[in-house]
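S.K.: Pasting a structure here, questions to come.
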Amino acid sequence: MQEKIIKYIEELSSEEIDESIEATEDLLGSGILDSLGMMKLIAFLEEEFCCKVLPEEMVIENFMTVLHITDYLETKLVEKQ
Amino acid sequence: MDFSWTQKQIEFKKEVIDFAKTNLGTTYIEEDYNCKFSKKDWKACADFGLLGLSVPKKYSNQKEEVDVLSAILAMEALGYGCKDNGLPFAMNAQMWTVQTPIAHFGTEAQKDKFLPKLTSGEWIASHALTEPEAGSDVFSMQTTATKTDGGYILNGKKHLITLGPICDFALVFAVTNPKVGKWGLSVFLVEKGTEGFTVSPNKAKMGLRTVPIGDLTFTDCFVKEENRLGAEGAGWSITNHSLELDRCSVHASQVGAMERQLEQSITYVKKRKQFGKSVGRFQSVSNRIADMKLRLETSKLLLYKVAWLKSQGKPAMLEGAMLKLQISENFVNSSIDAIRNHGGYGYLVENEVERDLRDAVGGVIYAGTSDIQRNIISQIIGL
Ligand SMILES: Cc1cc2nc3c(=O)[nH]c(=O)nc-3n(C[C@H](O)[C@H](O)[C@H](O)COP(=O)(O)OP(=O)(O)OC[C@H]3O[C@@H](n4cnc5c(N)ncnc54)[C@H](O)[C@@H]3O)c2cc1C
């Protein structure tokens, strides 16, 4: 899951960043993703992992870094089962 | 693929048109000239149930839940039936950028306190995001909300706020944690009369002159914790939440206005005779009518597609940006064509043709300029 997400973000922001991104890097805050990039990432996650990200879940606790995203998605996918 | 509307939706659209034609102003020349807001029209729309279309029926006077497609169609009908573009524009601003976020992110107490008063037309509210130094780059906003005992202290200024000068409360975005950038924005419901909260008088504008627009200033303004909307840091999500629906609905009214404009143009160019025949017989004029029809139909296609995507709970980032760009620019172009078709008659204020053009220009600026929509489109498709 983590690799897929990192790969997608790297594709999205290939012109902004030269090096590969770490799972602990702040995505929106550090400018790796802009607002639209974050919305695209969320749309990708919904499609790829067949889940619905609720608007109230789009907060720093769930989306700050790739690590936060994977934790959030894992909990969400467990809840779905 | 099915492009048809249900019988019920068609009847609802007709009802809204009939309502607008019989209950709203027959002329807006004086209101436009004097920048006068019509509270009477606002209330009439509320009583008819239009303001309640963006929230569950529990908070409005709707008899049954209205689906997104019907709500959008109703706003198109209002744009067609109401001669004033300002009224639907202002209503949409409140409906989708104040009511919908409260309905979604609000506590039960907030929903019960604010929504019935808004949908009934008793209260009016504004959505305050833009600042003097933060327009297109809105996330660079400088208004701050500093945590204190029992609430927050707001400081800063909001700019170009629709309904701001007459609002009973404002939904205000402010920075609560500057260290985390876009994640550090929160939203507050700031009520009129709160110490430290002032509004400017209505500003004179090129168009949409029936809508009061102005600045909001916060000077050491204490807002109780219970008036924070959503969690701390939910500001970014709240800005995105109803953006696509807002775009659909506000531009639905422009589509309705374009339909009215086209019908008016056709009637006029058939009746007006020069060189012994109807001016509509001259190909230069009929070409313009064809272009207006094409703009109307392409606008409708985009509008209905986005409305359909939203009705299916699907994202519509790309389509929403294309809709905003296409419809707002089409409305400007068709408004100029409508004036050309009417000749000097169209240029005179008293005939209420030229006002559409002045009103239309706001549409290529508010809620993200056309340049910004082009940026979004090109970015989404891979640039
Ligand atoms: C009628 C009306 C009603 C409004 N109502 C509200 C409201 O209720 N609440 C609210 O918060 N705001 C409201 N606004 C403000 C509106 O959202 C802003 O005007 C809009 O976002 C543009 O910001 P700006 O005016 O500061 O222009 P600027 O951002 O200063 O733009 C100036 C020019 O630069 C261009 N530009 C800027 N950045 C870029 C870029 N990255 N790429 C290409 N071009 C760029 C713009 O397209 C424009 O041509 C309203 C505006 C109008 C006209």
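S.K.: Arranged from highest to lowest average of other beta-carbon atoms within 10 Å per residue, in what order do the peptides A:45-52, B:295-302, B:9-16 appear?
M.R.: B:295-302, B:9-16, A:45-52
S.K.: In sequence order, what are the phi-derived ³J(HN,Hα) couplings for the stretch B:255-261 according to the Karplus relation 6.51 cos²θ - 1.76 cosθ + 1.60 with θ = phi - 60°, rounded to whole Hz, with x for glycine and proline?
M.R.: 5, x, 5, 5, 5, 4, 4
S.K.: How far is the Cα center of the stretch A:20-78 from the Cα center of the stretch B:193-265, in Å?
M.R.: About 28 Å separates the Cα centre of the stretch A:20-78 from the one of the stretch B:193-265.
S.K.: Could you pull out every residue, at least 5 positions away or on a different chain, whose amide H is within less than 5 Å of the one on B:H127? Hs are placed 1.01 Å off N in the peptide plane, and Pro or chain starts have none.
M.R.: The answer is B:T162, B:L171.
S.K.: Aspartates and glutamates within cross-link reach of B:K13: Cα-Cα under 12 Å, excluding same-chain residues under 8 positions apart?
M.R.: Candidates past the 8-residue exclusion: B:E76.
S.K.: Which ³J(HN,Hα) values in Hz, rounded to whole numbers, follow from the phi angles of the stretch B:136-152 under the Karplus curve 6.51 cos²θ - 1.76 cosθ + 1.60, where θ = phi - 60° and Gly and Pro get x?
M.R.: Using θ = phi - 60°, the values come out as 4, 8, 5, 6, 8, 4, 10, 5, 10, 10, 9, 5, 9, 4, x, x, 9 Hz.
S.K.: Would you mind computing, in nm to one decimal, how far apart the modelled labels at B:K305 and B:T22 are, each placed 7 Å from Cα along Cα→Cβ?
M.R.: Taking the two extended label points, one gets 3.8 nm.
S.K.: Determine Rg/Rh for the stretch B:7-124; Rg is computed over alpha-carbon atoms and Rh is the Kirkwood hydrodynamic estimate from the same atoms.
M.R.: Rounded to two decimals, Rg/Rh equals 0.97.
S.K.: Spelling out what I want: for every residue of the stretch B:160-170, take phi, set θ = phi - 60°, compute 6.51 cos²θ - 1.76 cosθ + 1.60 (Karplus), and round to whole Hz; glycine and proline get x.
M.R.: After applying 6.51 cos²θ - 1.76 cosθ + 1.60, I find 6, 8, 4, 6, x, x, 10, 6, 7, 7, 10 Hz.
S.K.: Using a Förster radius of 25 Å, what is the FRET efficiency between B:A109 and B:D168 based on their Cβ-Cβ separation? Nearest 0.05, please.
M.R.: Given R0 = 25 Å and the Cβ-Cβ separation, E is 0.90.
S.K.: Compute the long axis of helix B:68-81 from its Cα atoms, compare it with the longest principal axis of the Cα atoms of chain B, and write down the angle in degrees, 0 to 90, nearest 10.
M.R.: That helix lies at roughly 50 degrees to the long axis.
S.K.: What nm distance separates the two modelled labels at B:Q142 and B:K273, each placed 7 Å from Cα along Cα→Cβ?
M.R.: 6.5 nm
S.K.: Would you pull out the residues with amide H under 5 Å of B:I213's amide H, same chain only if 5 or more places away, H placed 1.01 Å from N?
M.R.: B:L163, B:K203
S.K.: Right, something else. Place a +1 charge on the Cβ of each Lys and Arg in the protein assembly as shown and a -1 charge on the Cβ of each Asp and Glu, then give the dipole magnitude about the Cα centre in debye, rounded to the nearest 20.
M.R.: Dipole size: approximately 2620 debye.
S.K.: Please sort B:66-77, B:169-180, B:108-119, B:30-41 by packing, taking for each peptide the average over its residues of neighbouring beta carbons within 10 angstrom, highest first.
M.R.: Highest to lowest by the protection proxy: B:66-77, B:169-180, B:108-119, B:30-41.
S.K.: Other chains near A:53-59: what is the mean number of their Cβ atoms within 10 Å of each residue's Cβ?
M.R.: Counting other chains' Cβ atoms within 10 Å and averaging over A:53-59 gives 6.
S.K.: What is the dipole size for chain B, taken about its Cα centre, with +1 at each Lys and Arg Cβ and -1 at each Asp and Glu Cβ, in debye to the nearest 20?
M.R.: The dipole of chain B has a size of about 1080 debye.
FYI, it's all coordinate maths here, none of it is from the lab. From a predicted model like this one, the values you see are computed outputs, not experimental measurements. Note that we place each Cβ from the backbone using ideal geometry, even for glycine, and neighbour counts take in every protein chain shown.
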